[in-house]
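These notes are about the structure you will find just below.
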Amino acid sequence: MQTKILLDEEQMPKKWYNIQADLPSPLDPPLHPATHKPVGPDDLSAIFPMELIRQEVTTDRYVDIPADVQEVLRLWRPSPLYRAHRLEKFLKTPAKIYYKWEGVSPAGSHKPNTAVPQAYYNMKAGIERIATETGAGQWGSALAFATMLYDLECTIYMVRSSYTQKPYRKSMMQAWGAECIPSPSTKTNSGKAVLEKDPETPGALGIAISEAVEDAATHANTNYALGSVLNHVCLHQTIIGQEAIKQFEMAGDDPDVIIGCTGGGSNFAGIAFPFLGLQLRGGRKRRIIAVEPASCPSLTRGQYAYDFGDTAHLTPLVKMHTLGSTFIPPSSHSGGLRYHGMGPLVSHVYEQGLIEARAYHQKTCFDAGVQFARCEGIVPAPESTHAVRCAIDEALRCKKEGKAETILFNLSGHGHFDMGAYIAYFDGRLTDQDYDEDELARALAGLPSIAA
Ligand SMILES: Cc1ncc(COP(=O)(O)O)c(C=O)c1O
């Protein structure tokens with residue numbers, strides 16, 4: 001009974017897979033925030049290196065992973081695929097449960113898969129410093145690690161609620177040489193404007209993005225990097241699903257259901273898109289489920305519309321499922337899922353009926369995370385517990401229906417810096433957060449109107 005399905009280093013994919021090559025209809029273009037005309041490479045070159053702008057729009061099916069980037073990725077990749085025998089037994093399900101374990105990276109999640117190439121292309125373009133935001137602290141840590149490798153400076157605006165919850169994330173970023181600032185801050189005009197209105201604000205990813213974009217746009221040697229949402233980020237994460245396809249071939253199995261949690265959509269895209277690409281090129285249909293928090297349900301409650309990626313409206317307008325860029329989700333322990341929008345590619349395939357979406361409250365996710373830890377040993381990140389909850393529910397459905405389906409989920413990160421959340425859970429202090437319906441209605445009413 002094999003538990004770990006492992007690839008050799010030389011079996012690590014040498015190209016990223018780009019789902020834009022196989023989409024039944026193309027993505028709507030991003031629009032300039034002022035003119036509402038499609039943005040061109042020059043509009044983006046103030047904050048991104050040209051190679052990443054190219055990757056954002058390319059429709060080539062495959063993009064080569066530079067040899068230097070492959071060398072770094074080999075520090076932890078290929079990541080293991082596990083068969084969750086003990087969880088299956090505990091659930092008494094006929095289903096087979098597999099998980100792809102991305103917590104083996106130095107930062108503890110899938111985020112370094114894109115942090116490394118992003119830092120690499122910025123270094124190649126002669127950039128000296130990168131500014132970014134972080135919700136859970138996973139992306140900030142990943143970029144701190146990646147920028148250190150290429151001798152770049154790094155400034156990270158960390159959503160204040162997470163900054164307070166997770167002081168160790170900040171020191172991890174410092175250990176890799178980065179500067180970490182609670183957001184909103186007084187360093188930027190965007191941050192000051194929010195603080196003036198609400199000095200006690202917990203912050204939000206949309207605000208931290210505004211601060212990082214403003215920092216990059218106002219400093220000549222500085223670029224901006226985003227840890228999710230954008231097409232090139234989803235592209236870099238497809239190494240996960242491509243490895244999984246090879247690992248399932250080795251195991252002589254094939255997933256019927258594929259599950260990932262969604263903040264901006266990158267780890268979900270990473271595991272799902274290579275399988276979805278097989279389907280779009282004539283392969284068999286699988287169920288693919290995106291799992292989001294009920295407190296910030298952009299896919300299941302948001303509108304599919306053009307919206308800003310940030311609160312201060314500095315970013316281009318992108319077509320996505322959104323709760324409105326002024327919507328501030330309630331604080332939760334899944335900081336990495338607290339974003340008002342969903343990546344355009346994930347939104348697009350959802351709109352086309354190619355994937356399903358589901359929202360869960362946090363307590364039931366922690367129940368699943370603890371059940372998983374007690375069977376499989378790994379303590380999942382709060383974000384990842386959303387995928388665990390869904391995988392367990394699917395396995396229980398299989399039990400009820402007497403079906404031996406194969407379930408794959410992405411275990412996007414470990415929870416070693418999230419034990420504050422687990423303390424709250426074990427003390428019975430963890431509550432389910434509901435968003436304010438009036439605030440959501442106001443934020444949606446404020447969506448920019450775009451001429452058709
Ligand atoms: C462990 C973990 N999983 C998932 C996410 C959600 O991000 P994405 O939807 O881009 O994968 C985050 C974001 O910080 C994270 O830290």
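The values are calculated or read from the model by the stated rules, or taken from the named source; none is laboratory data. Owing to the predicted nature of the structure, the values given are computational and were not obtained by experimental measurement. Glycine gets a Cβ as well: all are built from the backbone with ideal geometry, and neighbour counts include every protein chain shown.
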*Could you please find all residues in region 324-348 being assigned to a helix (DSSP H, G or I) and either basic (Lys, Arg) or away from the ligand (no atom under 14 Å from the Cβ) (or both)?*
HIS348
*Of TYR435, TYR360, TYR425, which residue is among the aromatic types (Phe, Trp, Tyr) and within 16 Å of the ligand (Cβ to nearest atom)?*
TYR360
*Are there any pairs, at least 6 apart or on different chains, whose C-beta atoms fall under 9 Å, with the first in region 375-392 and over 16 Å from ILE271 (Cβ atoms) and the second of a type in the set (D, E, K, R) and within 12 Å of the ligand (Cβ to nearest atom), and if so, which?*
VAL379/ASP418; PRO382/ASP418
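Counting only residues that are in a loop (DSSP other than H, G, I, E, B) and over 21 Å from VAL213 (Cβ atoms), which one in region 225-264 is nearest to the ligand (Cβ to nearest atom)?
Of everything passing the filter in region 225-264, THR262 is nearest to the ligand (Cβ to nearest atom).
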*Selected residue (criterion: modelled with the lowest pLDDT) from residues of region 175-205 that are outside any loop (DSSP other than H, G, I, E, B) and under 13 Å from THR134 (Cβ atoms)*: LEU205
*Scan region 300-318 and give yes if some residue there is under 28 Å from ALA404 (Cα atoms), among the small types (Gly, Ala, Ser) and within 16 Å of the ligand (Cβ to nearest atom), otherwise no.*
no
*Sort out which residues of region 9-24 are outside any strand (DSSP E or B) and in contact (Cβ under 8 Å) with a residue 40 or more places away in the chain, and write them in order of number.*
GLU9, GLN11, MET12, PRO13, LYS14, ASN18, ILE19, GLN20, ALA21, ASP22, LEU23, PRO24
*Pick from LEU75, LEU52, LEU27: which is part of a helix (DSSP H, G or I) and on the phi < 0 side of the Ramachandran plot?*
LEU52
*asked:* Going through MET172, MET158 one at a time, which residue ends up being closer than 25 Å to TYR422 by Cα, under 19 Å from the mean Cα position of the chain (by Cα) and either more than 14 Å from the ligand (Cβ to nearest atom) or not in a loop (DSSP other than H, G, I, E, B) (or both)?
replied: MET158
*asked:* Going through ILE378, ILE450 one at a time, which residue ends up being among the hydrophobic types (A, V, I, L, M, F, W, C), in contact with a strand residue (DSSP E or B) (Cβ under 9 Å, 6 or more places away or on another chain), modelled with pLDDT under 95 and farther than 22 Å from ARG287 by Cα?
replied: ILE450
